[in-house]
Amino acid sequence: MRRVLFLSAAMLAGASGAAWADCTSPRVPPSLQTLFGGSRIVVTGGANTANEHHGAGGVLTECAQGSASTVDPTHVAGTWRVDPDGGGGEIITYDYGTGGKYTFSVHENGGGNYSFCHFPAGGLAASGNLVGGSCP
């Protein structure tokens, strides 16, 4: 089964000078838990295509091709959690088990689009749109 994991795949993208600007946009004020809980982040374009649902209790579900797919069905990909960043803001951590653990600051780009920047090092990992609801 193919697992396209949103942020672990994004690690391959690296950061460019133009992408760095996305990490200087305003950080999302607390609470990331409220903003992301029950919603999906959809990343499209290039190698960073993903659609992950932030479920209750920290369950992270990869929507993949849907629950009816025999090739790439919807499945639990790992966990997510929100923690204080030590400076009055918040960070989000994705744990994919053997696929790795990644921590990001979240920056608002407008229009429901958000940038995920490596924390604490900085640099863009991925950008995506936040949409309400569970996996289609």
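The values are calculated or read from the model by the stated rules, or taken from the named source; none is laboratory data. Not measured: the values here are computed from a predicted model. Here the Cβ is made from the backbone with ideal geometry for all residues, glycine too, and neighbour counts use every protein chain on show.
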Take region 114-132 and flag every residue that is surrounded by 15 or more Cβ atoms within 10 Å (Cβ to Cβ) and either on the phi > 0 side of the Ramachandran plot or hydrophobic (A, V, I, L, M, F, W, C) (or both). Phe116, Cys117, Phe119, Gly123, Leu124, Ala125, Ala126, Leu130
Tabulated pairs, region 47-62, first assigned to a helix (DSSP H, G or I), second modelled with pLDDT of 95 or more and not aromatic (Phe, Trp, Tyr), C-beta under 7 angstrom, 6+ apart or interchain: Gly58/Thr79; Gly58/Arg81
Only one residue in Val76, Val28, Val4, Val42 is surrounded by 13 or more Cβ atoms within 10 Å (Cβ to Cβ), over 16 Å from Ser105 (Cβ atoms), at pLDDT 80 or above and not polar (S, T, N, Q). Which one? Val42
Filter region 90-112 down to the residues that are exposed (fewer than 15 other Cβ atoms within 10 Å of the Cβ), without any contact (Cβ under 8 Å) to a residue 24 or more places away in the chain, of a type outside the set (Lys, Arg) and in contact with a Ser or Thr (Cβ under 7 Å, 6 or more places away or on another chain) and list them by number. none
Please count how many residues of region 88-136 are part of a strand (DSSP E or B), touching a strand residue (DSSP E or B) at 6+ places or on another chain (Cβ under 8 Å) and of a type outside the set (A, V, I, L, M). 22
Could you please let me know if Gly86 is exposed (fewer than 15 other Cβ atoms within 10 Å of the Cβ) and within 18 Å of Gly133 (Cα to Cα)? no
Only residues in region 77-89 that are touching a residue at least 12 places away in the same chain (Cβ under 8 Å) count as the first member; pair them with residues that are outside any strand (DSSP E or B) and polar (S, T, N, Q), Cβ under 7 angstrom, at least 6 apart or cross-chain, and list the lot. Val82/Gln33
